[in-house]
Amino acid sequence: MKSKNVNALLVEIMIAVLCFSLASIVILQTFVTAHNQSVLAEDMTEALLSAQNLADIVSAEDEDRLWDMLAVEQDEEGVYHFPDVGGISLTLKVTYEETEAGVLRRGTVNAIYQDQVLFSLPCAHYSEGVSQ
């Protein structure tokens, strides 16, 4: 009779350990997911700040200074690609629209993560009496 009680106690302890193990696995997965989301949010914040800085530079008045500060090359489609910020790449497309009174420089800064556009920031600068 005593051995049956001992076996039942061991089975009960094993079930309790199994339940705690399963609970700890679920909690560990939750913490890992939370950490990954936190890192992604931090990277997105850095990318947004970089994109805002880039949009401000494109909106700046001095165009020579603009291209010196950017110091990147265009691809065949006229898009500038910047170094990744935490896995998020920034691209810039600049177009010029000439009018009788001057030139409108428009830019679009895109943040791309895993082939999806996270956000797009438009920017523009108008120069009076200057033609390309």
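The values are calculated or read from the model by the stated rules, or taken from the named source; none is laboratory data. Predicted model only: the values in this text are computed from it and were never measured. So basically every Cβ, Gly included, is an ideal-geometry build from the backbone, and we count neighbours across all protein chains shown.
Can you tell me which residues in the stretch 80-102 are of a type in the set (A, V, I, L, M) and either closer than 30 Å to ASN36 by Cα or not in a strand (DSSP E or B) (or both)?
The answer is VAL85, ILE88, LEU90, LEU92, ALA101.
If the requirement is being at pLDDT below 90, basic (Lys, Arg) and either assigned to a strand (DSSP E or B) or in contact with a Cys (Cβ under 8 Å, 6 or more places away or on another chain) (or both), which of these qualifies: ARG105, ARG65?
After applying the criteria, what remains is ARG105.
For ILE15, indicate whether it is in a strand (DSSP E or B) and aliphatic (A, V, I, L, M).
no
Quick one: what pairs do we get from the stretch 76-97, first residue farther than 15 Å from SER120 by Cα, second among the polar types (S, T, N, Q) and modelled with pLDDT under 85, C-beta under 7 Å, 6+ apart or different chains?
Matching pairs, first to second residue: TYR96/GLN132.
Can we say GLU77 is within 17 Å of SER59 (Cα to Cα) and loosely packed, with under 13 Cβ neighbours inside 10 Å?
Criteria not met by GLU77.
Pick out the one residue from SER38, SER21 that is under 21 Å from the mean Cα position of the chain (by Cα) and hydroxyl-bearing (Ser, Thr, Tyr).
Sole residue among the options that is under 21 Å from the mean Cα position of the chain (by Cα) and hydroxyl-bearing (Ser, Thr, Tyr): SER38.
Please go through the stretch 15-47 and pick out each residue that is free of Cβ contacts under 8 Å to residues at least 24 places away in the same chain and charged (D, E, K, R).
Selection gives nothing.
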